[in-house]
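What follows is one structure encoded as structure tokens, with my remarks underneath.
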Amino acid sequence: MNYSKWKIERIGCASSAELCRAGYTPLLAAMLGVRGIQTADEARRFLNGGAETLNDPMLMKDMDKAVARIKAAFDAKETVAVYGDYDVDGITSTCILTDWLHSRGVNCYPYIPDRIEEGYGLNTAAIQRLKDKGVSLIISVDCGITAADETEFAKSIGVDFIITDHHECREQTIPDAVAVIDPKQESCNYPNKDLAGVGVALKLVCAVEGDSETVIGKYADLAAIGTVADVVPLTGENRYIVRTGLAMLENTKRPGIAALLHESGVEDRRISSSTIGFSLAPRLNAAGRLGCVSVAGRLLLTADRTEAARLANELCELNRRRQALETDIWADASKMMSGQVPETPIVLASENWHQGVIGIAASKLAEQYSLPTVMICLDGDKGKGSCRSYAGFNLFDALSACSEHLEGFGGHALAAGLNIRRENLQKFCEAFGRYYHANRPEELPTLNCDLEITDPSALDMEGVRSLELLEPYGSGNPKPLMCIQGAKLDRVTPVGGGRHLRLSVSFGGAGFECVFFSHTENELGANVGERIDIAFTPQINEFRFRSSVQLQITAVRRHDPKPLCRRILEADRELPENEAAAYCPDRDAFVRAWRSIKAAGGAVAADLDGLIRQCPRSLEPERFCICILALCELGLLHKLRPDSVFGARIVSGSAKVNLEDSTIIKSLKARFK
């Protein structure tokens, strides 16, 4: 992804003295400061918050009604159905509630609609089928908040509904159910509005049992998978649930999860939110995308290790099929683009695409072309589309403005779905394009870096490993994103068949190995030997029983030394110590700078561009400028103009000096103490 600019939150690891006294490394203390945490008590609450972070589930609107109705179903030995969604959040929600109801002796049917045949949410045909099986109570999970008509139908055939959901709701269409539990309802006083669907389902179980800690101790692993996969903020009780779940996953008692970890090749690695996001969730999602969601549900619920191994293998095979379909769709879409870079949002349609996979391809196209993208699967005269945003463009508002050309749509600002008739495609494209031009976002998004590293020693093993205390990462608590400006690119090595890059960079006398996923040499935009800026997340790489610091790159750009050089050379105003400290010269740097000036006739150029061109190849321009500034201070160079040091000349007959006497050098070295 390209960025219009880089915004850096803070420069250097200067951090709360209280946090450092409490034993936190400077790197971790700096990152806590970025998150607004300055005291040891605040840090302990954030990093180690326990059961005290849990909110009382009875604070949710209608929870008392739901508890009473479920207990009545227990007493009457009713048959209950759990109706879920086909994504990871919905699957895990369904599994938790189903397992719990079975443990209470309830005859329970889990039901997740087929993505291709039935689509999202409740439908009357499924409700009728469940009624025919003797179901008298349906509990929805991760869906149902807009199912007013379906709830009415259920009432008409004698089936009660308890709806649990976490999606945005329009108050005028709240279903008339026995209970509607959704913290996003305006009249709900529950403090945490950011529960995932699985979190709401978990809270329902906690309310009926009256013992939240015991329930979470049993189901936090499933809840963690659904919560991370649904990208809700990992703060407060969400963070506690996921932390507890990750610890359970390290030594899972569920055969299905153990088999999936093995089949995914991550069973011997530390389990983190990334394990869920990149290994478990995509495989579970693949089942729903390809209309085989029951495979995922059975895998998570099975107690049989043999069945678990078979289902995990089947799930991974489905994921490989999903990847192959995605590759085919991507190639087809790229061919349709014909290498052109459009100025309006991308809208593509085909009869040959798989509906469950087009959303992934739409995301890739949006990123590649820096434009909102809509991909539509056509079937006869109808089409179903997936939409992905770019640079903050509000898709929901855009589709609302174009709704006269659509059969229906839904979603939110960054991702949405639509139904359209083939005959309206052209009109929709034109209307969508007009809306985009009238509401165009920034050309490119801004890259927000938490911290600029000026002292490479901060990225030692202890400092980087201490960042693991910030886990679990996710929305509301993202992975630390740091940057180094002016690193030298020493080596570029294609890996993964040329799809990824391994980079070696050096900075401040230290070298770092980096990995840059989904980028080729041609896309790097820099050559070996050049100075670059890198944005990255530091991590510990474990390979062949050896641990080392590795930087996982997010973005690379050619380094522009001019802004900092200008501020250094205008230090009469104020030396930018935080930024300049990384370029504090040693004696060898002064020697090279002095020799360069002598070789140029005893003077440096009178403008910034000329001065940078005169910089020795072995020195960074910023370091060269500090040398010049210090040499002027020590009386070895004379400014050509009193108000500028862009030009200077050697002072003839000057005496020897001690470089350590420079107040500039003293102040920069003090930054490292």
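The values are calculated or read from the model by the stated rules, or taken from the named source; none is laboratory data. None of these values were measured; they are calculated from a predicted model. Note that we place each Cβ from the backbone using ideal geometry, even for glycine, and neighbour counts take in every protein chain shown. These accessible areas exclude ligands, DNA and RNA; they are computed on the full protein's heavy atoms, side chains included. Shrake-Rupley method; radii C 1.70, N 1.55, O 1.52, S 1.80 Å.
Some observations on this one:
- Scanning region 420-439 for residues that are closer than 17 Å to T344 by Cα and touching a residue at least 40 places away in the same chain (Cβ under 8 Å) turns up L425, F428, C429, F432, G433, Y436, H437, N439.
- The residue that is most open to solvent (accessible area, probe 1.4 Å), among those in region 479-503 that are touching a residue at least 24 places away in the same chain (Cβ under 8 Å) and charged (D, E, K, R), is R491.
- Residue count for region 427-475 under the criterion of being within 18 Å of A14 (Cα to Cα) and not hydrophobic (A, V, I, L, M, F, W, C): the result is 10.
- The condition of being among the hydroxyl-bearing types (S, T, Y), open to solvent by 10 Å² or more (accessible area, probe 1.4 Å) and in contact with a helix residue (DSSP H, G or I) (Cβ under 6 Å, 6 or more places away or on another chain) holds for only one of T25, T79, that being T25.
- For region 184-201, a residue qualifies if it is within 20 Å of the chain's Cα centre (by Cα) and either without any contact (Cβ under 8 Å) to a residue 40 or more places away in the chain or open to solvent by 60 Å² or more (accessible area, probe 1.4 Å) (or both), and the qualifying residues are K193, D194.
- Residue count, region 239-251 (criterion: among the polar types (S, T, N, Q) and either touching a Pro at 6+ places or on another chain (Cβ under 8 Å) or modelled with pLDDT under 95 (or both)): 1
- Candidates G380, G392, filtered to the one that is open to solvent by 40 Å² or more (accessible area, probe 1.4 Å) and over 21 Å from D114 (Cβ atoms): G392
- The single condition from (1) closer than 25 Å to I257 by Cα; (2) open to solvent by 30 Å² or more (accessible area, probe 1.4 Å); (3) touching a helix residue (DSSP H, G or I) at 6+ places or on another chain (Cβ under 8 Å); (4) not aliphatic (A, V, I, L, M) that P233 fails is (3).
- Selection within region 86-136 - outside any loop (DSSP other than H, G, I, E, B), in contact (Cβ under 8 Å) with a residue 40 or more places away in the chain and of a type in the set (D, E): D89, D99
Residue-wise test of (1) open to solvent by 60 Å² or more (accessible area, probe 1.4 Å); (2) within 27 Å of A606 (Cα to Cα); (3) basic (K, R); (4) in a helix (DSSP H, G or I).
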| position | (1), (2), (3), (4) |
| --- | --- |
| F512 | no, no, no, no |
| S518 | yes, no, no, no |
| N522 | yes, no, no, yes |
| I534 | no, no, no, no |
| N541 | no, no, no, no |
| S548 | no, no, no, no |
| L551 | no, no, no, no |
| R557 | yes, no, yes, no |
| D560 | yes, yes, no, no |
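- Any hit, region 40-52, residues being over 25 Å from the mean Cα position of the chain (by Cα), open to solvent by less than 60 Å² (accessible area, probe 1.4 Å) and without any contact (Cβ under 8 Å) to a residue 12 or more places away in the chain: no
- Pairs meeting the criteria (first residue in region 553-564 and under 8 Å from I532 (Cα atoms) and in contact (Cβ under 8 Å) with a residue 60 or more places away in the chain, second residue among the β-branched types (V, I, T) and not in a helix (DSSP H, G or I), beta carbons under 7 Å, at least 6 apart or on different chains) are R557/I532; H559/I532.
- Single residue of region 94-111 satisfying the filter (under 18 Å from V135 (Cβ atoms) and polar (S, T, N, Q)) that is surrounded by the most Cβ atoms within 10 Å (Cβ to Cβ): T94
- Region 432-484, residues that are among the β-branched types (V, I, T) and in a loop (DSSP other than H, G, I, E, B): I453, T454
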